[in-house]
Each structure stands twice: as C-alpha cells, then as structure tokens.
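The values are calculated or read from the model by the stated rules, or taken from the named source; none is laboratory data. All of these numbers come straight from a predicted model, not from anything done at the bench. Please note: Cβ atoms are built from the backbone with ideal geometry, for glycine as well, and neighbour counts cover all protein chains shown. Just so you know, the surface numbers come from the protein's heavy atoms only, side chains and all, with ligands and any DNA or RNA stripped out. Shrake-Rupley method; radii C 1.70, N 1.55, O 1.52, S 1.80 Å.
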Amino acid sequence: MTARLADIAAQAGVSEATVSRVLNGKPGVAAATRESVLAALDVLGYERPVRLRRRSAGLVGLITPELDNPIFPALAQVIGQALTRQGYTPVLATQTPGGSTEDELTEMLVDRGVSGIIFVSGLHADTTADTDRYDQLRAKGVPYVLVNGFSPKVQAPFVSPDDRAAMQLAVTHLASLGHTRIGLALGPRRFVPVLRKIEGFQLAMEERLGLSPEESQELIQHSLYTLEGGQAAAAALIAKGCTAIACASDMMALGAIRAARQQRLHVPRDISVVGFDDSPLIAFTDPPLTTIRQPVQAMGQASVRALLEEIGGTPAPHSEFVFMPELVVRGSTASATKRAPARD
C-alpha cells in the first residue's frame, strides 16, 4: 500500500498524506488537487474507490463506419474523451461489411436508453439514402448530431470539414510546383463529401490552370476509399498522363504510391501525391505523405458541444458547422518533371 501511495503521489505531484486524505474522502484538500490525485489513479491503472467513482450523466452513442481507416478511430477518440470530460459514457458502435447496419445500431442504442447519438460519415452523407430515419429518431426524442456530410432535408446540427477548400489547397499546391496534369482520385459519386471535393477541384483547376469543368472531368477517377481503390484510380490517372494526383483519403494516397511504384515511377520525382485526413502515423510513411489535414480535434469537440446543447434543451442551430482544413507539406510532392507520354 505504501508503494502504491508513493507512485500516486509522484504522479500527481503531491504528498503521500494528501493522496491518503483523497482516497479516504477526508476534507481539507483543494478541488484541483483532488482531481490531480484521481487523474493519477486513472493514469497508473488503479481502480478508484467506489465512493470516488464519478456517476455517469448518461450514455451517448457514437456510430462510425469500419475502423480500417485510421481517421475514424482518431475522431472517435476525440469525441469519446470530450464526452467523458462532460460526465457522459461513450458507446462506440461500428459498422462492418456484412455486420450491423446503421439502422440496426441506432435501434440498439435507443433500446439502451442513450441520451443522444453522434453519427460519423453515416447515411446522411449518401444522397441516395432515405432521410426519414432521422425524422423518426427525432420523433422518439433522441437528440443527434451528424458529422461529415450534409442534407438540407434533415433538421439537425452538422459538422464537416470544408471539402471544397481542401481540394483547392491541394490543386493550388500542385500547380505551384509546375504540375498541369493533375488527377483526382476519390470515392463513389453519391456521397456529399465527394461531390464537394469535385466542385473544389474543378474550380481550382479552372482558376489555376484554365481548364473547363468538362476538361477537368476527364481527370477525375472514382473508386473505393481503400488502399486498393486508390491504387486502381491512380493507375487509370497515370495512364492518362497525370504527373500529380490528389486523393480523397490517406489510404487512397498510399494506394496511389503503390500504383506509381508498380510502374517503376518514383514518388515524388515522377509522380506527386497528396492525401486527405492526416491520419495518425501518416507522417512516417515512405515517403512521408503530403496531405490535407482534417481538423479532427475541433470537429470532434464541436460535435459534442452541439449534442450536449441538444440534450440540455438549448439546441444548436440546425445548420452546418464547417471547419477549414490545412495543407501539410511533406515528402510526397515535388516540382513537375517531364515524363514519357502515356501509352495507349
């Protein structure tokens, strides 16, 4: 017990006597000091005494797509931490191919009496999906916030990155390096973020390179949001003579680098590649990936604030909160060099 007290005291930066007073519920300890001791318990993996455990204000559901894409776990972590700080217990529900659907996960969470739900990249982002499911959820009195996607038919707070600005940043960067044949690799066209990225890409291609929307449309390749999808899209764009490729996710960008290497092309000497997300560990790829950073911290915290306002009866505006992304230049982009024309 003495060793444990010493460890906790060292972690919290207080005396063992102070730790003892906190653990035994004695008065005379400042609130901030008490919190430091409890935080030290958590960090060191010790279980809090029953009387010191914080009562949860309620459960909050978080529904995400599959966690293969590192950006989703990163966003889930930010949201989970923000909820915990406010006294709520996050319940992560993940969609997987062949597993539970968004509707099934929503029903499960509602049955468990959640105080609210945050949807990340859900059916609200699919222009072909029926939005009545969200009206039905609101009719049940369950507040919710929708992240990454927008529908004017749904009356709820939305939180999104500025997808148009993201592609404008990518194209502007690549054009400044002398690239004139810039391709765009992204997911299925039915998704709102995809449509917005196309708008931003075509606007930037017109402003920076003088290409009409019809001309830049030839440089857009749809695929899946996976490494293999990025590889397939990039192979098609390289065949069209592109010397630079902007991708709609970091995973797709890694696939684009693989496609270039399969054709014995060097990144970035022969092909420049830009990702989107700035996922954890992406700075340590070979080469380190130039990417557009999603403001994950700000978006996650905003989604929690908006949901808590809904839960508290002071709803946030039923509109979209849009966050500006950031260009992060690393080692996968370089000045354009002449390459042999693509073969037919």
Using the basic label-point model (7 angstrom from Cα toward the beta carbon), what is the Asp286 to Leu195 distance in nanometres? 4.2 nm
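Using a 1.4 Å probe over the heavy atoms of the protein chains, calculate the carbon and sulfur portion of the accessible area of the range 242-344 as a whole percent. Kindly include the intermediate steps, with their values, before the conclusion.
On the way: 2630 of 4840 Å².
Carbon and sulfur: 54 percent of the exposed surface of the range 242-344.
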Using only the alpha-carbon atoms, how far is helix 250-262 inclined from the longest principal axis of the chain? Give it as 0 to 90 degrees, nearest 10. 40 degrees
Whole-number percent relative contact order across the range 183-292, with pairs defined as alpha carbons under 8 Å at least 6 apart: 24 percent
Rank Val328, Val14, Val159 by mean-square fluctuation in a GNM of the chain with C-alpha springs under 10 angstrom and give only the top-ranked residue. Val14
If I model the range 143-239 as equal point scatterers sitting on the Cα atoms and use the Debye formula, what is log10 I(q)/I(0) at q = 0.18, 0.21 Å⁻¹? -0.86, -1.07
Against the 2.2 N^0.38 Å scaling, with N counting residues, where does the chain land? I'd like the Cα-based Rg ratio to two decimal places. 1.19
For q values of 0.13 Å⁻¹, compute log₁₀ I(q)/I(0) with the Debye formula on a Cα-only model of the range 251-341, without solvent. -0.57
Which angle from 0 to 90°, rounded to the nearest 10, does the C-alpha axis of helix 227-239 make with the longest principal axis of the chain? 20 degrees
In degrees, nearest 10, the alpha-carbon axis of helix 71-85 is tilted away from the dominant principal axis of the alpha carbons of the chain by 20 degrees
Could you work out Rg/(2.2 N^0.38 Å) for the range 170-317, with Rg from alpha carbons only? 1.15
Can you send over the carbon and sulfur percentage of the accessible area for the range 50-201, probe radius 1.4 Å, protein chains only? 50 percent
Given Cα pairs under 8 Å that are at least 6 residues apart, what percent is the relative contact order of the range 99-229? 21 percent
Under a 1.4 angstrom probe, counting protein chains only, how are Asp250, Asp132 ranked by accessible area, largest first? Asp132, Asp250
On a full-extension model of 0.36 nm per residue, what is the gain between Glu309 and Ser100, subtracting their alpha-carbon distance, rounded to one decimal in nm? 72.4 nm
Accessible-area ranking of Asp42, Asp270, largest first, probe 1.4 Å: Asp42, Asp270
Kindly work out what percent of the DSSP beta bridges joining two residues of the chain are antiparallel, to the nearest 5. 10 percent
Using helices alone, what [θ] at 222 nm do you get for the chain, with -39,500 (n - 2.57) per DSSP H run of 4 or more residues, divided over all residues and rounded to the nearest 500? -13000 deg cm²/dmol
Mind checking the alpha-carbon convex hull of the range 27-130 and giving the volume per residue in Å³? 142 Å³
With every protein chain kept in place and a 1.4 Å probe, the chain has an accessible area per residue in Å² of 47 Å²
